[in-house]
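**Student:** Take this structure first; my questions come after.
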Amino acid sequence: MHPRWFLVLLLTALPVWARAPLVLATTTSVNDSGLLDAILPGFTRETGIPVKVIAVGTGQALAIAGRGDADAVLVHAPSLEAGFLAEKKGILHACLAKNRFLIVGPPADPAGVRWETNVLNAFRKIYLKGALFVSRGDRSGTYVREQRLWKAAGLRPQGKPWYLESGSGMGATLTLASEKGAYTLTDLGTFLFTQTRLKLAPLFDRDDPRMLNQYSFMAVNPERYPWVKFEEAKALRAYLLRPDVQAAIGNYQKARFGRSLFEPLGGECILPIK
Amino acid sequence: MIEAEGLERRYPGFRLFLDRLEARPGEVLAVVGPSGAGKSTLLRLLAGLEAPDRGRLRRRGPAVYLDQQPYLLERTVLENAAFGLRLKGWPAARARVRAREWLERVGLSGLAARPARGLSGGERVRLALARALAVEPAALLLDEPTANLDPANVARIEALIGAERAAGRAVVLVTHNLFQARRLADRALFLLEGTAVEAGPAAAFFERPADPRTRAFLSGAMVW
Amino acid sequence: MNEVLEITLRSLGVSGAATLIAAAFGLPLGLWLGARGAGRLARSLLYAGMGLPPVVVGLFFYFLFSRSGPLGGLGLLYTLPAVAVAESVLAFPLIAGFTMAGVASRAEGVRRLVKSLGGNELQAFLTLLAESRRVVVAALAAGFGAVISEVGAVTIVGGDIRHATRVLTTAVVLETRKGELERAAVLGLLLLGVTLVVSGLLVVFGEREAA
């Protein structure tokens, strides 16, 4: 561990080991799953480009990138990504992987979500029952999706006494839901990692397009922010889309959980970016 | 010795004025009077801690002043006692030797290595005295040194004052304790609302005070 | 290197550096103001500074160091030096303020004492400095304690980047966010332990009686 003094970065005659680090802003759910810790070292070994990962909510990641303080982003909120692209802040959008969102909740399942095949009906049941529900309450990809689902079901839970907004990361939100015996929407990865500690059961775990969680990569536009490490960002994009790396992403923790945490998309988006 | 002429000091709502005052070697001058009369101010002027607004002050030889609540440094008793000497430029070892002698005289030698802050009221005054006397000043200005002390300590300190007087120092003693003043004083001065009402040799002052106000004060009546 | 050790050393290093920087400016200022007397403006500013919300300071430096910001060319955002700078701004008013208050409370007594024994102003000032050692220790302990436990500004300016700017406090937040509460508690205890050790060292070495 040594401090990276700014002077080292400025020197033009840089030895390979001191190439400027790439700043990647991503979401807490991606970071906390450990995927990046598994996949990125290979990139640094091959290219000599170190990657600095800043893990915040999707909203903050895009805000940071929108000031040119990050060189690339890895997020999972198609509507926010569309806005980012439309403002010409990001380019070279690529869909990297997918998994799904789940509704988890108390094993006793007072709202009877378990047998629902339609996710909107599941939300309606929770609403009608007045069952405790914990929301992220931030600008995370999970929260964005949760709001869209409520809206699609024609419901407005804000202000209801059973609707709790945690303002925390996914792990902390799951802990809260577990403590209170509440329902919540979660991404697959975080849930699998923390499942053993929690008193929550996966109640809606289906291949429903509305529950699709799609992870995308975007490079920050060098035309708007001339200082960004665009070449490095392109290199990272190429690396992440390479078949062998995509396969590695798909295999991440597969043996442990018996299912893929991140199913590779190879650049083909399933959810439209809008 | 100290000589003051036409000494004046003004504060909002108060004026201290003394036409003439002398502190002579080998003599204890007791300054008595009610609270607020200006006794402490007078002492500070004589010590040079405050500058008079008008008047002349002549000092022959160094004068040392002892505060009502003596300030002790965050060091050991010995280092406190030696402090005055160090200020005068004495090397540390010599200062410590002399300081020890004085600690012996005030009866604090057993506590030499202790932190000064932990001393009792009487011990603090004795330490401050030792500190002040160690520099062997020509004049000693004491502001109620035995206030709030038990009789044993009072006696001890009075003995020290007597010894200093015998050694030829000029002592000015501000005190509330009229008995103490009678015991120690060669001359006395009654200060009331910033003016010297009466002054003179102790015997006459205490037995046959000339001014009715002095009489009233000495007999214990409230004097405004 | 064990990652917990790495994070601990980094916490110590950046907070220690920040305290030293803040002390380099704050101690002389505090001593000066305490000895000479501080006006109401100086006191108000220092006391307000002691209550500066750390996240506000963090945001300020974020905008300052952001690549879109005025000092963006320095590339300091998300680096340890930036964290140290932000932390030293937080520690400075604490160190200066505590020192000033402590020295001021002693100034009059020391001055009277020195003059009553026939000393001069310079001797009074030097004695005051010597007498203020405990005050300085307290001020340094307060400054260090404030910055090593700081998390908001450190996160905003440093980014909590693994192997780069992750420190004990941000690691606690991270583990809590992930729901790993036991790990967070262990890191928290470690943080407390580090702070205790440093404070203890400050007291032991700082308050040693001078010859």
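Throughout, read-outs are computed from the coordinates displayed, never taken from laboratory work. Bear in mind that the values here come from a model prediction, so they are computed numbers and not experimental data. Every residue, glycine as well, gets a Cβ built from its backbone with ideal geometry; the counts of neighbours run over all protein chains shown.
**Student:** Let me check I've understood the local charge: for B:G220, count other residues with C-beta under 15 angstrom from its C-beta, Lys and Arg +1, Asp and Glu -1. What total comes out?
**Tutor:** +3
**Student:** Here is a follow-up. Inside 10 Å of the C-beta atoms of C:105-114, what's the mean count of C-beta atoms belonging to other chains?
**Tutor:** So the per-residue partner count for this stretch is 4.
**Student:** Over 19 Å between C-alpha atoms is what I'm after, so list which of A:K52/A:K254; A:K52/A:K229; A:K89/A:K229; A:K98/A:K180 land there.
**Tutor:** Over 19 Å apart, Cα to Cα: A:K52/A:K254; A:K98/A:K180.
**Student:** To continue, here is another question. Roughly what would the spin-label model give for C:L20 and A:R210, points 7 Å off Cα along C-beta, in nm?
**Tutor:** With each label placed 7 Å out from Cα toward Cβ, I get 6.0 nm.
**Student:** Enumerate the lysines that A:K151 could reach by cross-link, defined here as Cα to Cα under 22 Å, with residues fewer than 8 away along the same chain left out.
**Tutor:** Reachable lysines: A:K125, A:K129, A:K160, A:K274.
**Student:** At R0 = 35 Å, how high is the FRET efficiency between C:H163 and A:I270 if r is their beta carbon distance? Nearest 0.05 is fine.
**Tutor:** Computed FRET efficiency for C:H163 and A:I270: 0.55.
**Student:** Using only Cα atoms, find the angle between the long axis of helix C:133-148 and the longest principal axis of chain C, and express it within 0 to 90 degrees, rounded to the nearest 10.
**Tutor:** Orientation of helix C:133-148: about 10 degrees from the principal axis.
**Student:** Let me confirm one metric for peptide B:84-93, namely the mean number of other chain beta-carbon atoms within 10 Å of its residues' beta-carbons.
**Tutor:** 3
**Student:** OK, next. Which net charge results when you count Lys and Arg as +1 and Asp and Glu as -1 among the other residues whose beta-carbon is under 10 Å from that of B:P145?
**Tutor:** Surrounding charge for B:P145 is -3.
**Student:** Counting other C-beta atoms within 10 Å, which of A:C269, A:C95 has the fewest, and how do the rest follow?
**Tutor:** A:C269, A:C95
**Student:** Right, next: Calculate, in nm to one decimal, what C:R134 and C:S105 gain on full extension: separation in residues at 0.36 nm each, minus their alpha carbon distance.
**Tutor:** Contour length minus the Cα-Cα distance gives 9.2 nm.
**Student:** Of C:R111, C:R162, C:R40, which is the most mobile in a GNM of chain C whose springs link Cα atoms less than 10 angstrom apart?
**Tutor:** Most flexible of the set in this elastic network: C:R40.
**Student:** Residue by residue through the range C:103-111, what is 3J(HN,Hα) from phi via Karplus (6.51 cos²θ - 1.76 cosθ + 1.60, θ = phi - 60°)? Round to whole Hz and write x for glycine and proline.
**Tutor:** 3J(HN,Hα) across the range C:103-111, in whole Hz: 5, 4, 5, 9, 4, 5, x, 5, 4.
**Student:** Can you give the calculated 222 nm mean residue ellipticity of chain B, where each DSSP H run of n ≥ 4 adds -39,500 (n - 2.57) and the sum is split over every residue, rounded to the nearest 500 deg cm²/dmol?
**Tutor:** After summing the helix terms and dividing by the residues of chain B, the value is -11500 deg cm²/dmol.
**Student:** According to a simple spin-label model (label point 7 Å from Cα along Cα-to-Cβ), what is the distance in nm between A:Q158 and C:L71?
**Tutor:** Placing both labels 7 Å along Cα→Cβ, they lie 3.8 nm apart.
**Student:** A further question follows. Whole-Hz ³J(HN,Hα) for each residue in the range B:202-209, computed from phi via Karplus 6.51 cos²θ - 1.76 cosθ + 1.60 with θ = phi - 60°, x for glycine and proline: what do you get?
**Tutor:** 4, 4, 4, 4, 7, 8, 10, x
**Student:** Moving on to the next point. At 15 angstrom or more along the helix axis (alpha-carbon based) and mean Kyte-Doolittle of -0.5 or higher, what helices does chain B contain? Whole DSSP H runs only.
**Tutor:** Span-like helices in chain B: B:77-87, B:121-134, B:151-166.
**Student:** Turning to a different aspect of this structure: I'd like the per residue volume of the convex hull spanned by the Cα atoms of the range C:3-206, given in cubic angstrom.
**Tutor:** Looking at the range C:3-206, the number lands at 122 Å³ per residue.
**Student:** Now, a different point. Give me the number: length gained by fully extending B:E193 to B:A216, i.e. 0.36 nm times residue separation minus the C-alpha to C-alpha distance, one decimal in nm.
**Tutor:** Taking B:E193 through B:A216 to full extension adds about 6.8 nm, to one decimal.
**Student:** Same structure again: Relative to the longest principal axis of the C-alpha atoms of chain C, give the angle of the C-alpha long axis of helix C:3-36, reported between 0 and 90° and rounded to the nearest 10°.
**Tutor:** So the helix axis and the longest Cα principal axis differ by about 30 degrees.
**Student:** Here is a follow-up. Please order A:M218, A:M170 by the number of other Cβ within 10 Å, starting at the fewest.
**Tutor:** Fewest to most other Cβ atoms nearby, the residues stand as A:M218, A:M170.
**Student:** Sticking with this one: Treat each spin label as a single point 7 Å out from the Cα along the C-beta direction, and report the C:E121 to C:S44 distance in nm.
**Tutor:** In this crude label model, C:E121 to C:S44 measures out at 2.8 nm.
**Student:** While we're here: Taking beta carbons within 10 Å but only from partner chains, what does the mean come to for residues A:165-172?
**Tutor:** 4
**Student:** List the longest stretch of chain C that has no exposed loop site; here a site is one of the GluC sites (Glu not before Pro) assigned by DSSP to anything other than H, G, I, E or B, with at most 14 other Cβ within 10 Å.
**Tutor:** C:1-206
**Student:** With r as the distance between the Cβ atoms of B:S120 and B:E207 and R0 = 45 Å, compute the FRET efficiency 1/(1 + (r/R0)^6) and round to 0.05.
**Tutor:** 0.80
**Student:** Grab the beta carbon distance between A:E165 and B:Q69, set R0 = 51 Å, and tell me the FRET efficiency rounded to 0.05.
**Tutor:** Computed FRET efficiency for A:E165 and B:Q69: 0.30.
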